[in-house]
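Below: one structure, written as structure tokens.
The values are calculated or read from the model by the stated rules, or taken from the named source; none is laboratory data. These figures come from a predicted structure and were not determined experimentally. When we count neighbours, we look across all protein chains shown, and the Cβ atoms used for this are built from the backbone with ideal geometry, even at glycine.
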Amino acid sequence: MDFVFFILFILSFIALVIGLFKPSLVLKKLPKETHNRSTVVKLYLTASIFFFLLTGSTAGDGFFSVSTMMLFALFIIIDGYFLKDYIATGNIKKQTFEHTGTQTKRHQKPESHDTADVEMIYQKPDGEISKRRVKVEKVNDEYMRGFCFLRGGERTFKLDRILELKDLSTGIVYKDPEEIKDFLIAFFPYEEIIIDTINYNHTTYANYIDEGYFYGKVDEDLIADVNHDFHILYEGGIEFDAVIIRLGKEKLTNRYFLLIRNLNKDALAGLYVDKIIEMFDLDTGESIPDPQKYFDDIYEKELLRQRERERKRIQKENIEKFIDEYSDLLKALVYIAKCDGTLNAKEKSILIETLENFDSSIQDPAKIIDKIVKNHLYFTSYNSFAYNMKKIIDKYPEIDFLDYAEKIISTQKKIHTDEQKILDYLTKAYNREYSLNYEKEFKANHGVKCPHCHSKHTIKKGKRKYRDHVNQRYECQECGKIFSIKQEKED
């Protein structure tokens with residue numbers, strides 16, 4: 001018999017240890033509101049002591065010697081020492097909610113962060129992650145309700161969106177979703193949390209959950225933000241103050257409906273605009289005798305904004321599609337215009353005209369060019385241009401790249417080295433001479449040759465004056481070298 005009591009003692013002790021970490025595992029048969037460490041300690045610690053005493057009273061001198069019983073007694077003493085914090089914590093939580101009545105009232109801000117129960121890392125449905133301190137009012141299997149110090153108001157949180165939770169009274173951090181749920185249910189009032197909805201003909205038009213935002217698919221043409229405080233006179237002579245959060249329109253009936261928060265009852269509600277008799281805007285002090293017309297104007301403005309957003313979205317898609325389809329052509333055209341390091345207004349207008357002649361259906365070519373330049377989606381060197389240009393000329397025979405290059409260069413006062421290389425390359429590719437006469441750029445140099453490559457394509461680069469002579473500086477447009485020629489100083 002003593003062996004049976006010993007086994008029961010061991011099982012009670014193991015259940016006690018497990019229950020300290022996961023109360024719900026050892027309290028499955030009890031109501032959920034009792035799933036806490038305090039209940040575990042009271043139940044299984046009592047059982048352990050009871051079976052320990054029975055074991056000692058029935059034990060003989062064999063296995064259950066006096067020294068063995070003293071060792072068990074030591075385990076009980078040590079165990080009780082470590083459990084006293086959990087027992088005290090459970091009692092404090094119980095007193096807070098049952099006797100002192102310190103739960104936060106709706107929209108009543110606690111005095112300081114010191115009154116917060118938990119600190120958590122929370123992820124909203126749109127993916128935003130934030131760190132919050134919350135004074136918990138109540139919980140259930142899916143939601144937690146309490147005052148959020150980050151937002152400064154009462155909020156409802158979904159338990160499965162809590163990534164990490166810290167008990168501020170003990171400092172224990174929970175990361176496992178089941179542990180978070182077990183902790184909240186164990187230490188805070190378990191009540192049903194109602195998520196308000198607007199229903200009509202068994203169709204849910206809106207769900208108001210989490211952070212006061214508006215989620216879910218709504219059966220309407222458009223939703224518009226309002227966010228104004230109003231005094232409303234409703235059908236049946238009902239009067240109340242409300243915050244109008246969102247405006248929607250039913251597809252089938254074309255009736256406007258509102259998602260509001262009734263400030264008198266501090267609850268959500270759904271209203272139909274055609275049942276509102278009169279409204280008074282508490283923010284502006286304006287009386288609104290015709291609510292239907294008022295919300296018509298809001299709806300039309302939002303409709304225009306939505307159409308503009310849709311237009312910009314389609315335009316962006318068309319730009320990206322054009323760039324993907326003609327990326328090689330754009331690389332060549334932009335490089336020819338920008339090989340000297342700049343893209344001036346005249347060069348850009350020529351580039352736009354070339355693209356419009358190539359594709360008359362193109363939309364907003366200026367934005368296409370801006371995106372190409374901004375993201376550097378063009379050839380970055382003459383070598384890459386020359387390597388790919390033959391294929392591009394063959395692929396786009398409708399574009400005369402030599403004529404295009406001459407138009408670009410004609411807008412400048414001087415020719416760049418890479419521009420000269422481009423002209424020479426395209427001259428050979430099209431097997432014809434370019435028509436522009438660039439002698440005017442070099443005639444003032446009196447046929448000065450570059451001492452490095454012997455090219456006459458040189459331009460003046462300023463002077464350096466000395467006491468008895470002047471050095472005229474030149475820049476070679478072929479090799480890019482700068483050299484000087486000594487000139488006698490004029491009297």
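So the values come out like this:
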item	result
Output for segment 214-252, where each listed residue is in contact with an Asp or Glu (Cβ under 9 Å, 6 or more places away or on another chain), of a type in the set (A, V, I, L, M, F, W, C) and either under 23 Å from Pro289 (Cβ atoms) or modelled with pLDDT of 75 or more (or both)	Ala224, Phe230, Ile232, Leu233, Ala242, Val243, Ile244, Ile245, Leu247
Qualifying positions in segment 280-295 - within 37 Å of the chain's Cα centre (by Cα), closer than 16 Å to Asp241 by Cα and of a type outside the set (Asp, Glu)	Phe280, Leu282, Thr284, Gly285, Pro291
Sole exception among (1) under 23 Å from Ala332 (Cβ atoms); (2) modelled with pLDDT under 75 for His416, by number	(2)
Search result, residues across segment 273-327 that are among the hydroxyl-bearing types (Ser, Thr, Tyr), exposed (fewer than 15 other Cβ atoms within 10 Å of the Cβ) and farther than 30 Å from Phe385 by Cα	Thr284, Ser287
Helices (runs of 4 or more DSSP H) lying entirely in segment 1-103 (those with 2 or more residues that are surrounded by 13 or more Cβ atoms within 10 Å (Cβ to Cβ), modelled with pLDDT of 75 or more and not assigned by TED's automatic domain parsing to the domain that holds Glu179)	2-21, 23-26, 37-40, 46-58
Cross-chain or 6+ apart pairs with Cβ under 7 Å, segment 350-369 first and more than 13 Å from Asp403 (Cβ to Cβ) and touching a residue at least 12 places away in the same chain (Cβ under 8 Å), then among the aromatic types (Phe, Trp, Tyr) and crowded, with 19+ Cβ neighbours inside 10 Å	Ile362/Phe322; Ile368/Phe322
Pairs where the first residue, in segment 301-312, is in a helix (DSSP H, G or I) and the second is surrounded by 10 or more Cβ atoms within 10 Å (Cβ to Cβ), C-beta under 7 Å, 6+ apart	Glu302/Leu222; Glu302/Ala224; Leu303/Leu222; Gln306/Leu222
Residue that is buried (at least 16 other Cβ atoms within 10 Å of the Cβ) and in contact (Cβ under 8 Å) with a residue 60 or more places away in the chain, where the choices are Tyr382, Tyr378, Tyr404	Tyr404
Subset tally (residues that are over 12 Å from Pro451 (Cα atoms) and in a strand (DSSP E or B)) for segment 461-481	10
Members of segment 115-134 that are assigned to a loop (DSSP other than H, G, I, E, B) and in contact with a helix residue (DSSP H, G or I) (Cβ under 9 Å, 6 or more places away or on another chain)	Asp117, Lys124, Pro125
Out of Ile336, Ile362, Ile369, Ile352, sole residue that is of a type in the set (A, V, I, L, M) and not in a helix (DSSP H, G or I)	Ile362
Given (1) under 19 Å from the mean Cα position of the chain (by Cα); (2) of a type in the set (D, E, K, R); (3) assigned to a strand (DSSP E or B), number of the condition Arg151 does not satisfy	(3)
